[in-house]
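All remarks here apply to the structure that follows.
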Amino acid sequence: MTERTFVMIKPDATSRGLIGKVIARLEGEGLRVVAMKMLNVDRLAAERLYAIHRGKPFYDGLVEYIMSGPVVAMILEGEGAVRRVRRVVGATDPAKAEPGTIRRDLGLGIRENVVHAADSVENAEREIQIFF
């Protein structure tokens, strides 16, 4: 089934010139970029994005980090898009991600892991509404 999902290239990746590499890897999986924009995330959008983590010890750091520099927000489309993006992105911790995934190959740490990717169709819809 054709789905849409949300992906955000994080500040660590934009500052390191990795935007093209990340997009190429996602498109290489047969996913199609249907919307994309570069922006600086404001506090309200950051808090909405990470609302599921509110109250956890790392929440404030996540919010501050995503606001620390420009990001690239994207809507991707394809068969099983959420699952396929999660597979190519890899585990949150680059050290635990599978070889060949974006986070394993390009990530610097748990927070500086290059990309945010929606983990369900429902969260993709919610995150798309925040940024588009």
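Size of the dipole of the chain about the Cα centre, Lys and Arg at +1 and Asp and Glu at -1 on the beta carbon, nothing else charged, in debye to 20?
On the way: 20 positive and 18 negative charges, 32 e Å.
It works out to roughly 160 debye.
Name the residues of region 30-62 whose amide N is less than 11 Å from a point 7 angstrom out from the Cα of residue 92 along the C-beta direction?
52-54, 56-59, 62
At a 10 Å Cβ-Cβ cut-off, how would you order 52, 102, 23, fewest neighbours first?
The most exposed by this proxy come first: 52, 23, 102.
Students often check this: by mean Cβ neighbours within 10 Å, which of 2-14, 27-39 ranks highest, and how do the rest follow? Can you show the working numbers first?
Working: 2-14: 21.5, 27-39: 13.2.
Ranking the peptides 2-14, 27-39 by packing returns 2-14, 27-39.
Label 7 Å along Cα→Cβ of residue 44; region 65-85 residues with amide nitrogen under 15 Å?
The answer is none, because no backbone nitrogen lies closer than 15 Å to the label point.
At a threshold of 8 angstrom on Cα-Cα distance, excluding pairs fewer than six apart, so keeping six or more, what relative contact order does the chain reach in percent?
Numbers: 231 pairs, mean separation 51.7, N = 132.
Dividing the mean separation by the residue count of the chain yields 39 percent.
What lysines does residue 37 reach when the alpha-carbon gap must be under 24 Å and sequence neighbours fewer than 8 apart in one chain are set aside?
10, 21
Readers should treat all values here as calculations from the given coordinates under stated rules, not as data from a laboratory. What you see is a predicted model, and the numbers here were worked out from it, not measured in a lab. Glycine also receives a Cβ, built like all others from the backbone with ideal geometry; neighbour counts cover every protein chain displayed.
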